[in-house]
Amino acid sequence: MADTAYPLNISVPSDAEGQRLDQFLVSQIPDVSRSRVQQMLADEKALVDGKAAKPSLKLRGGEQLTILGDFQPPPLHAIAEEIPLDIIYEDADLAVVNKPAGMMVHAGAGATDDERNRGTLVNALLHRFGQLSDVGGELRPGIVHRLDKDTSGLIVVAKNDIAHRKLANQFSKREVKKRYTALVHGWPEKDRGTINSPISRDAIRRTRMTTKGSGGRSALSHYEVRERIATPFGKFALVDVRIETGRTHQIRVHMSSVGHPVVGDSLYGAPKELKRGTTKAQPGTPAVLTLGRNFLHAAAVEFKQPRTAELLSLEAPMPEELTAFLEKLRRA
């Protein structure tokens, strides 16, 4: 919208009758989100027949819309919040945190209000440590790499810029060893395997990544089956996955691409709930099991301390909700 001349006048055609005002505006103004349109309406920078209107207004056709100017939300700055943290390791340069599932690492760059900048790992880190590295920017202080919101486990955080750059260099050179534990649907044909499939953003569902697109970035994952579990809910495999690259949703995309989506990961083909089949079950086995998160845990990380070059090898056990879910399957 930066090149758009204001005021901008739009005549509502008759075939737009019944549409919500905010939905119609999104279709008319390039590169603008619905939340941003709603904020423009709230700030009276978008008028209907010269008057302020609610986003939910149903259009009749024939109205004259006037866009007086663009809405630019103030930039977000990460804020400190008192949130408990499970610190696995800490020294003067870095910390390694065991992140719970359900916690975002940092606020999204597209966040438009302060409420979305709360409850994140960054908020908790700022309260705990006060000062972190600035390399990642004002929304991502200290963040060297990320974990998905519904993935638990180890994440490395830099306290100063020198440590951040050296750690980032280890990640980019694939010198950092990362091991994840996942429960997947079905039994892989072999006990060990490698998935070497480039990953790109899905052209249609933009929240997803895919191995079927063109121009993807290289991605390499190695899996090893730890346990094969046959249950009334189906067959499952507990696997260790080591990744050499750190692409968005890498393990989730790769395991789904070979027909074994991560349990709980409905975005990549896993059912939202497990339903008991006709196979005989133990007394008391429920008809349905739900997890409420992805069964994916960043269990171990190994890297060099950026200042001393000491090799740090750290682990975090599976959280209770995963071990409890696994036991329910084993006992079913």
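The values are calculated or read from the model by the stated rules, or taken from the named source; none is laboratory data. Keep in mind that this is a model prediction, so the values were computed, not measured. For the accessible areas, the whole protein counts, side chains as well, though only heavy atoms, and no ligand, DNA or RNA atoms are used. Shrake-Rupley method; radii C 1.70, N 1.55, O 1.52, S 1.80 Å.
Return one whole number: the accessible area per residue of the chain in Å², for a 1.4 Å probe.
Heavy-atom accessible area per residue stands at 52 Å².
Among all the lysines, which ones have a C-alpha under 28 Å from residue 212's C-alpha, if same-chain residues fewer than 8 places away are not counted?
Output for residue 212: 149, 173, 177, 178, 190, 235, 272.
Read phi for every residue in the range 171-184 and hand back ³J(HN,Hα) as whole Hz from Karplus 6.51 cos²θ - 1.76 cosθ + 1.60, θ = phi - 60°, with x for Gly and Pro.
Karplus values, whole Hz, x for Gly and Pro: 5, 5, 8, 6, 8, 7, 9, 10, 10, 10, 10, 9, 10, 10.
Taking the convex hull of the alpha carbon atoms in the range 100-235, what volume per residue do you get, in Å³?
172
When the accessible area of the chain is split by element with a 1.4 Å probe, what percent falls to carbon and sulfur?
Carbon and sulfur together cover 47 percent of it.
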